[in-house]
Amino acid sequence: QVQLVESGGGLVQAGGSLRLSCAASGSIFKINAMGWYRQAPGKQRELVASITSGSSTVYADSVKGRFTISTDNAKNTVYLQMNTLKPEDTAVYYCNADVMRWGSEINYRYWGQGTQVTVSS
């Protein structure tokens, strides 16, 4: 079993910054990729940023230049540094991890519980 625990969400004024953290634990042999998604009210969940074990990154166009994804591999943790926040960034943010478990070479996707980010005007 694998669990992802998120932290760092909250309320911030436009132009401010937040850093989200997500720590993976459990029966993990290797993490192939980690990422962040978000879902605003009335909207579908969308990819914000992702990073592979080879450090290849992908960002949504709306956050390029403002958000940075990074990992601490020793702690199985992914971070999302969010700068110059805008009201349109308001959403529930979910982390995910694509994991190889002990005894299997199959990739499994796990999700965190979500953390609310609210950006006021």
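The values are calculated or read from the model by the stated rules, or taken from the named source; none is laboratory data. What you see is a predicted model; the values in this text were computed from it and never measured. Positions of Cβ are backbone-derived with ideal geometry, glycine not excepted, and every protein chain shown enters the neighbour counts. The area values use the complete protein model at the heavy-atom level, side chains included, leaving out ligands, DNA and RNA. Shrake-Rupley method; radii C 1.70, N 1.55, O 1.52, S 1.80 Å.
With each label modelled as a point 7 angstrom along the Cα→C-beta vector, the ASP72-ARG19 pair spans 0.9 nm. Considering the chain, its Cα convex hull presents a mean projected area of 7.2 nm². Reachable aspartates and glutamates from LYS86, Cα under 16 Å, same-chain residues fewer than 8 places away excluded? Cross-link targets: ASP61. Would you mind telling me the share, in percent, of accessible area of the chain contributed by carbon and sulfur at probe 1.4 angstrom? The C+S portion of the solvent-accessible surface of the chain is 48 percent. Other residues with beta-carbon under 11 Å from the beta-carbon of ALA33 carry, at +1 per Lys or Arg and -1 per Asp or Glu, a net charge of +1.
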